[in-house]
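Participant: There's a structure below that I have some questions on.
The values are calculated or read from the model by the stated rules, or taken from the named source; none is laboratory data. Since the model is a prediction, treat every value here as computed from it, not as a measurement. Heads up, the Cβs are rebuilt from the backbone with ideal geometry, glycines too, and the neighbour counts pull from every protein chain shown.
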Amino acid sequence: MSRKPLIAGNWKMNKNHLEAIKLVQELAFSLTDKDFDKVEVAVLPPFTDLRSVQTLVDGDKLRIVYGGQDLSAHDGGAYTGEISGAMLGKLGCTFVAIGHSERRQYHAEDDALVNAKVQAAYRHSVTPILCVGEGLPVRQAGNQVEHTLAQVDGALKGVTAEQAKTIVIAYEPVWAIGTGEVATPDDAQEVCGAIRVRLAELYDTEVADAVRILYGGSVKSDNIAGIMAQPDVDGALVGGASLDPAEFVKICRF
Ligand code: PEP
């Protein structure tokens with residue numbers, strides 16, 4: 001089974017809509033059809049930039065895809081400040097990140113809410129990039145695999161095999177996010193490999209072989225190659241380094 005690598009840039013709360021246009025234009029000038037034949041490239045801008053990104057992508061027939069950084073578990077109604085899967089779908093979003101550690105930490109998102117958001121994304125044909133991973137104390141206790149698999153189990157409750165086949169799972173050890181502390185390729189493979197085995201247990205090998213599993217946590221152009229060489233790592237979720245177009249392009253060309 002060959003899985004097309006995915007490099008996704010999580011811009012977090014950075015770039016206003018003018019800056020977003022500039023960044024996407026810079027990516028568009030650098031990335032070629034040859035690049036896009038080898039790797040899928042996604043950007044996850046703030047909600048307020050999505051329309052601008054959509055206009056560029058549609059207008060210039062760019063092969064960059066884009067998505068949201070979160071969505072509501074609800075489809076509409078009296079949920080002030082929330083953005084629905086329907087809204088993301090309408091704006092042409094391919095992906096939505098769900099359960100990012102910053103959402104879990106600052107917005108108290110637990111596995112039940114993450115599961116509800118995964119279901120909401122599927123209701124609107126937006127593909128979840130499900131983020132999982134352990135914090136430092138869990139890693140120090142050596143419980144990273146159990147912890148991360150429990151998050152996967154919780155997020156996938158009620159998700160059918162047909163849906164699960166399309167999900168993207170990003171293993172992001174919390175201690176490596178934005179810290180400059182990157183997991184070793186072996187660390188990344190240990191957990192990504194365990195996630196694939198769990199997918200086979202929860203579903204079957206067809207699903208396990210189809211799902212793209214990304215690594216995220218201080219990915220840069222000088223550490224991406226070793227991570228991508230691992231058999232169960234199919235790409236990267238890139239935070240800080242995705243804000244620098246030259247660096248992000250280098251990562252896409254791992
Ligand atoms: C992220 O936010 O998902 C992330 C991996 O950030 P960084 O690359 O900056 O560690």
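Participant: Failed condition for Ser242, given (1) within 15 Å of the ligand (Cβ to nearest atom); (2) without any contact (Cβ under 8 Å) to a residue 60 or more places away in the chain; (3) hydroxyl-bearing (Ser, Thr, Tyr), with all others met?
Facilitator: Condition not satisfied by Ser242: (2).
Participant: Tell me, which helices (runs of 4 or more DSSP H) wholly within the stretch 155-254 include 3 or more residues that are under 30 Å from Ala28 (Cβ atoms) and at pLDDT 95 or above?
Facilitator: Result: 224-228, 245-252.
Participant: What tally of residues in the stretch 90-132 results from selecting those that are closer than 19 Å to Val159 by Cα and surrounded by fewer than 23 Cβ atoms within 10 Å (Cβ to Cβ)?
Facilitator: 15
Participant: May I pose another question? Quick check on the stretch 165-188: of everything there that is over 17 Å from the mean Cα position of the chain (by Cα) and away from the ligand (no atom under 12 Å from the Cβ), which residue is farthest from Leu44 (Cα to Cα)?
Facilitator: Asp186
Participant: Can you name every residue in the stretch 115-138 that is within 15 Å of the ligand (Cβ to nearest atom) and either in a helix (DSSP H, G or I) or in contact (Cβ under 8 Å) with a residue 60 or more places away in the chain (or both)?
Facilitator: Ile129, Cys131, Val132, Gly133, Leu136
Participant: How do the pairs read when you match residues in the stretch 171-186 that are without any contact (Cβ under 8 Å) to a residue 60 or more places away in the chain and within 19 Å of Leu130 (Cα to Cα) with residues anywhere that are near the ligand (Cβ under 10 Å from one of its atoms) and of a type in the set (D, E, K, R), using Cβ under 9 Å and keeping only pairs 6 or more apart or on different chains?
Facilitator: Close Cβ pairs (under 9 Å, with a partner that is near the ligand (Cβ under 10 Å from one of its atoms) and of a type in the set (D, E, K, R)) amount to Pro173/Glu181; Trp175/Glu181.
Participant: Let me ask you something else. What single numbered condition from (1) within 20 Å of the chain's Cα centre (by Cα); (2) surrounded by fewer than 18 Cβ atoms within 10 Å (Cβ to Cβ); (3) part of a loop (DSSP other than H, G, I, E, B) fails to hold for His74?
Facilitator: Of (1) within 20 Å of the chain's Cα centre (by Cα); (2) surrounded by fewer than 18 Cβ atoms within 10 Å (Cβ to Cβ); (3) part of a loop (DSSP other than H, G, I, E, B), only one is false for His74: (1).
Participant: Starting from residues that are β-branched (Val, Ile, Thr) and touching a Lys or Arg at 6+ places or on another chain (Cβ under 8 Å), keep the ones in the stretch 133-170 and report whichever is surrounded by the most Cβ atoms within 10 Å (Cβ to Cβ).
Facilitator: Ile169
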